[in-house]
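Everything below concerns the one structure shown next.
What follows is calculated from the coordinates using simple rules that are stated; it is not laboratory data. Keep in mind that what you see is a predicted model, and the values were worked out from it rather than measured. In this analysis, Cβ positions are derived from the backbone assuming ideal geometry, glycine residues included, and neighbour counts consider all displayed protein chains.
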Amino acid sequence: MSGRHLSRRLVLAAALGVAPVVAQAQPVARVSTREAAAAARLINAYRASRRLGALRVDARLNAVAAEHARAMAGVDLLSHDIGEAYAVRMRRHGLPTASENLGWGYETVAEAVTAWRASPPHHANLVKAHVRMGLARAVAPGMRPYWVLVLAP
């Protein structure tokens with residue numbers, strides 16, 4: 001198809017209120033697991049004050065957290081159930097007893113951990129008998145960060 005015909009179709013589609021498929025693509029989120037060690041220090045200090053064992057950062061759990069952080073940022077929605085139910089997603093990763101804390105809008109890992117400590121259901125996850133953790137943050141252009149903390153035995 002010539003450029004001239006394509007341009008006419010795009011103009012016609014715009015006039016009819018039909019957006020071309022290309023215009024509907026979601027922005028790609030930048031995902032980072034660099035804050036996982038800092039999160040572990042903050043969470044472990046809190047756990048130690050409650051006489052609980054330390055968590056260790058697990059690369060596999062970082063990857064699980066990164067996958068979900070990217071999914072949330074891709075649709076701009078904070079939810080445990082993006083694309084598939086939380087329990088299904090965790091079983092798919094071989095983590096049927098894992099816990100997950102989500103956060104949105106926190107600019108730093110310290111803000112996210114502080115918010116989780118202040119929220120009773122998130123706090124309960126922080127003090128469970130877990131030994132491994134993974135954390136990721138995803139940011140799509142023009143959006144605030146999405147955080148995912150995965151905790152597992």
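Would you list H130, H93 from fewest to most Cβ contacts within 10 Å?
So the residues, fewest neighbours to most, are H93, H130.
If each Cα of the range 30-152 is one equal point scatterer, what is log10 of I(q)/I(0) from the Debye formula at q = 0.19, 0.20, 0.21, 0.22 Å⁻¹?
These q points yield log10 I(q)/I(0) values of -0.98, -1.09, -1.21, -1.33.
Please arrange Y46, Y146 by how many other C-beta atoms lie within 10 Å of their C-beta, fewest to most.
Ordered from fewest to most neighbouring Cβ atoms within 10 Å, Y46, Y146 come out as Y46, Y146.
With a cut-off of 18 Å, note down the residues of the range 79-98 whose backbone N falls inside the zone around a label point 7 Å from the Cα of W104 toward its beta carbon.
Zone members listed by number: 79-86.
Only counting other Cβ atoms within 10 Å, I'd like I82, I43 sorted with the fewest neighbours first. Show your work: numbers first, answer last.
Details: I82 18, I43 24.
The fewest-first ordering by Cβ neighbours comes to I82, I43.
Consider a paramagnetic label point 7 Å from the Cα of R92 along Cα→Cβ; state which residues of the range 135-153 have an amide N under 18 Å from it.
Once the point is set 7 Å along Cα→Cβ of R92, 136, 148-151 turn out to lie under 18 Å by backbone N, inside the range 135-153.
Starting from the Cα of V131, step 7 Å along the direction of its Cβ; do the same at R60; then give the gap between the two resulting points in nm.
1.3 nm
Is the shape of the range 87-153 best called rounded, prolate or oblate, per the rule: a/c under 1.5 gives rounded, else a/b larger than b/c gives prolate, else oblate, with a ≥ b ≥ c the square roots of the Cα gyration tensor eigenvalues? Walk me through the numbers on the way to the answer.
Details: a/c = 2.42, a/b = 1.35, b/c = 1.80.
Taking the square roots of the gyration eigenvalues as a ≥ b ≥ c, the range 87-153 is oblate.
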